[in-house]
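The values are calculated or read from the model by the stated rules, or taken from the named source; none is laboratory data. Computed from a prediction, not measured in an experiment: that's the story for all the values here. Please note: Cβ atoms are built from the backbone with ideal geometry, for glycine as well, and neighbour counts cover all protein chains shown.
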Amino acid sequence: MLKEVSDQLEMLKSIHGQIDGMLNGLSEEQWIKKPAPGINNVASIIEHLALTEHRFWSVLRGQPEDIDTQSTFQATSWDVGRIRQLWADSLKAAESAFASLTEADLDQTALTTRAGAVLNKRQLIALAIAHAGHHRGQLPLIQKLLA
């Protein structure tokens, strides 16, 4: 694995580990309870994060999947067991997708964001890390509101 990609994977693993630590010990009720009107619950955030990463990793593998990453925010029920598994599978999928990337792959166009920015695969990995970090920051706030 390229050193650059390996370094990015280590950062992603670190963020995933921090998120896992925040999720450790939460009951299913805490996963699905919305702390206040208009504020997402833990389940919707983790499902969104896992779906988004799954979409990104499919792009890195060259087999882009069309995944509605926003649907979880409109949901009224969540399967916490399925979401936990989806979350656990995301890091494994990242490791697999990152393993075969070459320097030339990193410069290939990956996707166009909703804001219209065209990203290469290197930038897509950086976006995935930033996205995970963003949602990691939401979890303690939700937990405080639930307490």
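When the helices (runs of 4 or more DSSP H) confined to region 1-71 are screened for residues that are more than 17 Å from residue 82 (Cα to Cα), those reaching at least 2 such residues are found at 3-23, 42-60. Of all residues in region 114-130, those satisfying the criterion of being surrounded by 17 or more Cβ atoms within 10 Å (Cβ to Cβ) and closer than 13 Å to residue 4 by Cα are 121, 122, 123, 125.
Any residue in region 89-107 that is under 13 Å from the mean Cα position of the chain (by Cα) and without any contact (Cβ under 8 Å) to a residue 24 or more places away in the chain?
Yes, some residue in region 89-107 is under 13 Å from the mean Cα position of the chain (by Cα) and without any contact (Cβ under 8 Å) to a residue 24 or more places away in the chain.
When residue 104 is tested against (1) within 26 Å of residue 20 (Cβ to Cβ); (2) part of a helix (DSSP H, G or I); (3) not polar (S, T, N, Q), only condition (1) is not met.
Figure legend. Inter-residue proximity from region 108-125: first residues over 15 Å from residue 60 (Cβ atoms), second residues surrounded by fewer than 12 Cβ atoms within 10 Å (Cβ to Cβ) and modelled with pLDDT of 95 or more, beta-carbon distance below 6 Å, spacing 6+ or different chains. Indicated pairs: 112/118. Here residue 75 meets the list (1) touching a Ser or Thr at 6+ places or on another chain (Cβ under 8 Å); (2) in contact (Cβ under 8 Å) with a residue 40 or more places away in the chain almost entirely, failing just condition (2). Scanning region 43-86 for residues that are farther than 21 Å from residue 30 by Cβ and among the acidic types (Asp, Glu), we see that the one that is surrounded by the most Cβ atoms within 10 Å (Cβ to Cβ) is 53. Residue 111 passes every criterion in (1) more than 17 Å from the chain's Cα centre (by Cα); (2) surrounded by 13 or more Cβ atoms within 10 Å (Cβ to Cβ); (3) not in a helix (DSSP H, G or I) apart from (1).
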